[in-house]
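Undergrad: The structure's right below; bear with me while I get my questions together.
The values are calculated or read from the model by the stated rules, or taken from the named source; none is laboratory data. Quick caveat: nothing in here was measured; it's all calculated off a predicted structure. Ideal geometry is used to build each Cβ from the backbone, glycine not excepted, and the neighbour counts take in all protein chains shown. Heavy atoms of the whole protein, side chains included, go into the accessibility calculation; ligands, DNA and RNA do not. Shrake-Rupley method; radii C 1.70, N 1.55, O 1.52, S 1.80 Å.
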Amino acid sequence: MIRFFALFVVLFSTSALAQNPGDSVEPPESISLNQSIDLLSAYIQRESVSGNEKEAAIFIEDYILTTDLNLRVFSSSSDNYNLAASLYPLGSGKPNVILQSHIDVVPAEDLDIWEHDPYSGYFDGEYIHGRGALDAKGLGVMQLKALQAFQQDYDTADLPFNITVLFVSAEETGGDKGARYLMENFEDELNAVAVLGEGGAGYQNVLQNKPEKVVFGVSIAEKQSLWLQLKIISNSAGHGAAPTTDYANIQLINSLNNITNRKALLLFNASTRRMFRRLGRAEGGIRGFFIRNINWSILAPFVRKQIEREPFLSSLLTNTVTVTNIYNPPGPPNQISTSATAVLDCRLVPGTSSKSFIRYIERKLDNDNITVSVISESPEAQPSRLNRYYKALEDAVAISYPEAETIPFLFPATSDNSLFRSYGIPSYGLIPAVVTEEDINSIHSVNERISLDVLQSGITVYYNFMKELQLKERFSLFGFMEDEEE
């Protein structure tokens, strides 16, 4: 995952994220925090940059074997190691609620400015440090320890549903050897009815009128990623001292300017309209009224002006195009290359056709010499409905944070949740804890870390989520709950 993004914080000049999220959430007595810390620390110590997940996966596999959970290893090669721990064997056929995280991490760079070795898993009494602490080894430990405690504390002899903690490979590189591989080969065995993974988190200082109130953002949809390569080959080459007017680099630069200078459309959809309605109700007052009705056409000129000043807000409501690479074949400084290549990272609002967007890019380039090819694209997926599982998650958050607001939102990046949504499986993204700006900024950066408060809050909320599922099934409450549509 790219990073959690400061959810709503930039919305109309709100304050910075809180640095002191409040009192820590006490976990159930059956959960040993020391064991959880040790488990995460040792997990971080197993370096697992994408393509080399095996050592870390075997470590988790060995730990699962020490519990009463049911282990299932789906694949075990170095770059394709996927495994699960379940209340019941997957062969039981029970409807399965999946809690998923990824084993792989991005490389650690700038080692000289890390406070602690990125693969030390060092615990300083407040934070566990290292690559993957938040993204997403900490998430996997939260889920696994919560399931282990739930099995110990409750009668799970004959529940009508299964709960599985799923560890996958290759999320950081598109999921082909992780989530996609599992769904293409083991969809029936997984039998998923809902998936909970990474996405939003809890924040303070989101609501201007109530800065102390915690807002949890649960991602119910994600923008589709579309990575494109643009390449031009020109006969105009030669010496840099005598350039022609149409050599490859100039043509490519001019066409890229056509794209980057475009005026993007504001695209409101069901997910963003619902998000702003919920946020506006929580805000209250005149400001809340404005946020709640942000897509009114009468407000369009002011809305566009505000959105253009806020990159995060703009990313939620527009199809974005980022030029991430421009390069030529190797050559001396005074040689004009015959070819030039650029890479675009496009992120599409749900409902946008990737084929039609590629045609749009080709028109904007306005150069028939440039060929456009797809490097990679995530699947198109509809937003998840606010169903019984979302409600159980919302209730679990409320147990630990009774004064908090829980709001569904569109996540502007892409994670494995999109893959599961593309199969019609409701998927929700949340780190169930209050995080700080410094925590968020450490993801994919130096000094990645997770606080003890975040770890124990995550374990506790997941534990309460499982408890809510059991209670609602026991009293047949699910039979009376309809999916929410606004």
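Undergrad: Step by step: first the residues of segment 82-122, then only those that are open to solvent by 10 Å² or more (accessible area, probe 1.4 Å) and among the hydroxyl-bearing types (Ser, Thr, Tyr), then the one that is farthest from residue 141 (Cα to Cα). Which residue is that?
TA: So, considering only residues that are open to solvent by 10 Å² or more (accessible area, probe 1.4 Å) and among the hydroxyl-bearing types (Ser, Thr, Tyr), the one farthest from residue 141 (Cα to Cα) is 92.
Undergrad: Scan segment 27-45 for residues that are part of a loop (DSSP other than H, G, I, E, B) and touching a helix residue (DSSP H, G or I) at 6+ places or on another chain (Cβ under 7 Å) and report the count.
TA: Residues in segment 27-45 being part of a loop (DSSP other than H, G, I, E, B) and touching a helix residue (DSSP H, G or I) at 6+ places or on another chain (Cβ under 7 Å): 4 in total.
Undergrad: When you scan segment 332-411 for strands (runs of 3 or more DSSP E) that lie fully inside it, which ones turn up with 2 or more residues that are open to solvent by 40 Å² or more (accessible area, probe 1.4 Å) and either under 30 Å from residue 204 (Cα atoms) or of a type outside the set (Gly, Ala, Ser) (or both)?
TA: Answer list for segment 332-411: 370-377.
Undergrad: Related question: Mind telling me which of the residues 350, 379, 408, 332 ends up being of a type outside the set (Val, Ile, Thr), out of contact with any Phe, Trp or Tyr (no Cβ under 7 Å at 6 or more places or on another chain) and free of Cβ contacts under 8 Å to residues at least 40 places away in the same chain?
TA: 332
Undergrad: Could you list all residues from segment 234-255 that are outside any loop (DSSP other than H, G, I, E, B), surrounded by 15 or more Cβ atoms within 10 Å (Cβ to Cβ) and among the hydrophobic types (A, V, I, L, M, F, W, C)?
TA: Residues satisfying the conditions are 248, 250, 252.
Undergrad: Filtering segment 201-233 down to residues that are among the polar types (S, T, N, Q) and assigned to a loop (DSSP other than H, G, I, E, B), which residue is farthest from residue 321 (Cα to Cα)?
TA: 209
Undergrad: Follow-up. Is one or more of the residues making up segment 69-76 part of a helix (DSSP H, G or I) and open to solvent by 20 Å² or more (accessible area, probe 1.4 Å)?
TA: Looking through segment 69-76, none of the residues is part of a helix (DSSP H, G or I) and open to solvent by 20 Å² or more (accessible area, probe 1.4 Å).
Undergrad: Can we say residue 219 is farther than 28 Å from residue 366 by Cβ, under 21 Å from the mean Cα position of the chain (by Cα), of a type in the set (S, T, N, Q) and crowded, with 18+ Cβ neighbours inside 10 Å?
TA: Taking the combined requirement at face value, the residue satisfies it.
Undergrad: OK, next. When you scan segment 136-159, do you find a residue that is of a type outside the set (Val, Ile, Thr), in contact with a Ser or Thr (Cβ under 7 Å, 6 or more places away or on another chain), in contact (Cβ under 8 Å) with a residue 24 or more places away in the chain and in a strand (DSSP E or B), even just one?
TA: no
Undergrad: Does residue 229 fit the bill of being open to solvent by less than 50 Å² (accessible area, probe 1.4 Å), out of contact with any helix residue (DSSP H, G or I) (no Cβ under 7 Å at 6 or more places or on another chain) and over 30 Å from residue 92 (Cβ atoms)?
TA: No: the conditions fail for residue 229.
Undergrad: Report yes if some residue within segment 142-151 is among the polar types (S, T, N, Q), surrounded by fewer than 24 Cβ atoms within 10 Å (Cβ to Cβ) and within 26 Å of the chain's Cα centre (by Cα); otherwise report no.
TA: Scanning segment 142-151, I find no residue that is among the polar types (S, T, N, Q), surrounded by fewer than 24 Cβ atoms within 10 Å (Cβ to Cβ) and within 26 Å of the chain's Cα centre (by Cα), so the answer is no.
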